[in-house]
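The values are calculated or read from the model by the stated rules, or taken from the named source; none is laboratory data. What you see is a predicted model; the values in this text were computed from it and never measured. Quick reminder, even Gly has a Cβ in these numbers, built from the backbone with ideal geometry, and neighbours come from all protein chains shown. Note: areas computed on protein heavy atoms with side chains; ligands, DNA, RNA excluded. Shrake-Rupley method; radii C 1.70, N 1.55, O 1.52, S 1.80 Å.
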Amino acid sequence: MAICRPRCGNEVRPLHFYDQQIETLDRVRLRELQNERLRALIGEIDSNQFYQEKCATAGIALSEIRSAEDLQALAFTTKSELVEDQAANPPFGRTLTYPISTYRYFHQTSGTTGRPLKCLDTAASWEWWERCWGYVYAGAGVGADDIVFCAFSFGPYLSHWAAICGARHVGAMCISGGGMNSEQRLQTIIDNRCTVLVCTPTYALHLAEVARRVGIDLASSAITRSIHAGEPGASLPNVKRAIEHAWGATCFDHAGATEAGAWAFDCEAQSGAIHLNEAEFIFEVIDLAKSEPVEEGRGELVITNLGRAAMPVLRYRTGDVVDLTTEPCACGRSFARIRGGVLGRSDDMIIVRGVNLYPSAIDDLIRSLPEIGEYEVIIRRVEGLDDLLIRCESVDASPFERTRLSVENAFRRQFNIRISVEQAAAGSLPRYEFKARRFKRL
Ligand SMILES: [Zn+2]
């Protein structure tokens, strides 16, 4: 990891890079690098049955893909396609490039929205995962002096293991928070003077709630940075502010997917837009209505990973809605950025009284109201229209009527819609460690 010290006025501000030379390449040279790596990948995956067939359907040979532009000839890859392939060709499907004896690591997706997808890695592709996390840690300024605490359960979910293994790429020590309850995790963070917390945004807020209850002052802990994965949130201004206020730390967003890789990371410039890792992936953003690529602006993110020949994805539709910009970042990286992180899922947008809403936007609004603790959102049909019912717990003893008015007014002001609000008894709503499921459809 390199450290450069650019001058900003009279202040010398250290910024950290994982690979400064690559991260600051001009965009023409960056595209050349991507094309070189793509050609190497295509040469390596020549025997991959899944992509051979995909190319055959498109009327081309895999070896004809020589550049990012050539990828356009190929149909998108979707998650349901990968899941169906594994169901039809058990147990691991046809996306594996090498004989099974070459693989070392098994993980699977959480399966919260359907059948879990199994993802296998070789020693080389696991090294690639770790390297991608190196960018995430370096972007947040994590280095050899840091002790990272990963507050995850450590099941077969990939990102937990990639986060813990990747810390070595910036020289940091890493502590697993598996097999502990929230109080034990807090105590471990305090006792060992951990400086970096890695968990979902939801769980960071939950830990803060537990700390309050048991009388631990988090602002006096050694945590200076938190890195958040698993769900959008750390780029939502009010969620970010709530986490930073509770922990007295700087909050960094990160995005990734088991089937594609750890593809985005935040930087110390804290611009409100996070970097796409263009050293390790080729990205496209496609217009949601027309499925055509857009140069800048909003659309669904499509990913080709360049370092996971063992189980690659070419033109993978992530379902993540992003807002792309290639404007230079104050940190000096030339990698493109997405404003506000992942804005939502292309398939979870809800339409309430004619207003398009993403759960992340609702989450951000509710986190701006300090009187509300945990909450859930019920989407129900009333006279043929979607209607929102917010059930929430109060964190103080003020009359609920005041909370109800505050939530109703906030929704009217922000989204110009009327909603219903109900009180939930303190502690009655579920708490989430990973991937919060606060939205329910009746
Ligand atoms: Zn930056």
(request) Working only within the stretch 65-77, note down all residues that are assigned to a loop (DSSP other than H, G, I, E, B), touching a residue at least 60 places away in the same chain (Cβ under 8 Å) and loosely packed, with under 15 Cβ neighbours inside 10 Å. (result) 75
(message) Of the conditions (1) open to solvent by 30 Å² or more (accessible area, probe 1.4 Å); (2) touching a residue at least 24 places away in the same chain (Cβ under 8 Å); (3) assigned to a loop (DSSP other than H, G, I, E, B), residue 37 satisfies every one except a single condition; which number is it?
(response) (3)
(message) What's the total number of residues in the stretch 325-349 that are without any contact (Cβ under 8 Å) to a residue 40 or more places away in the chain and either within 12 Å of residue 298 (Cβ to Cβ) or away from the ligand (no atom under 16 Å from the Cβ) (or both)?
(response) 3
(request) State the number of residues belonging to the stretch 219-236 that are open to solvent by less than 60 Å² (accessible area, probe 1.4 Å), modelled with pLDDT of 95 or more and within 24 Å of the chain's Cα centre (by Cα). (result) 5
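Let's see how each residue does on (1) crowded, with 18+ Cβ neighbours inside 10 Å; (2) over 15 Å from the mean Cα position of the chain (by Cα):
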{"residue": "275", "(1), (2)": "yes, no"}
{"residue": "294", "(1), (2)": "no, yes"}
{"residue": "305", "(1), (2)": "yes, yes"}
{"residue": "310", "(1), (2)": "yes, yes"}
{"residue": "320", "(1), (2)": "yes, no"}
{"residue": "324", "(1), (2)": "yes, yes"}
{"residue": "344", "(1), (2)": "yes, no"}
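I'd like to know if the stretch 384-391 contains one or more residues that are under 24 Å from residue 253 (Cα atoms), modelled with pLDDT of 90 or more and of a type outside the set (A, V, I, L, M). Steps first, please.
Going through the stretch 384-391, the residues under 24 Å from residue 253 (Cα atoms) turn out to be none.
For the stretch 384-391, residues under 24 Å from residue 253 (Cα atoms), modelled with pLDDT of 90 or more and of a type outside the set (A, V, I, L, M): absent.
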(request) Using the structure shown, decide if residue 379 is part of a strand (DSSP E or B), within 16 Å of the ligand (Cβ to nearest atom) and in contact (Cβ under 8 Å) with a residue 40 or more places away in the chain. (result) no
(message) Please determine whether any residue of the stretch 2-18 is surrounded by 19 or more Cβ atoms within 10 Å (Cβ to Cβ), modelled with pLDDT under 95 and touching a strand residue (DSSP E or B) at 6+ places or on another chain (Cβ under 7 Å).
(response) yes
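Residues of the stretch 225-269 being part of a helix (DSSP H, G or I), away from the ligand (no atom under 16 Å from the Cβ) and either among the basic types (Lys, Arg) or over 17 Å from residue 323 (Cα atoms) (or both), which ones?
Correct list: 238, 239, 241, 242, 243, 244, 245, 246, 247.
Does residue 87 qualify as being modelled with pLDDT under 95 and touching a helix residue (DSSP H, G or I) at 6+ places or on another chain (Cβ under 7 Å)?
Taking the combined requirement at face value, the residue does not satisfy it.
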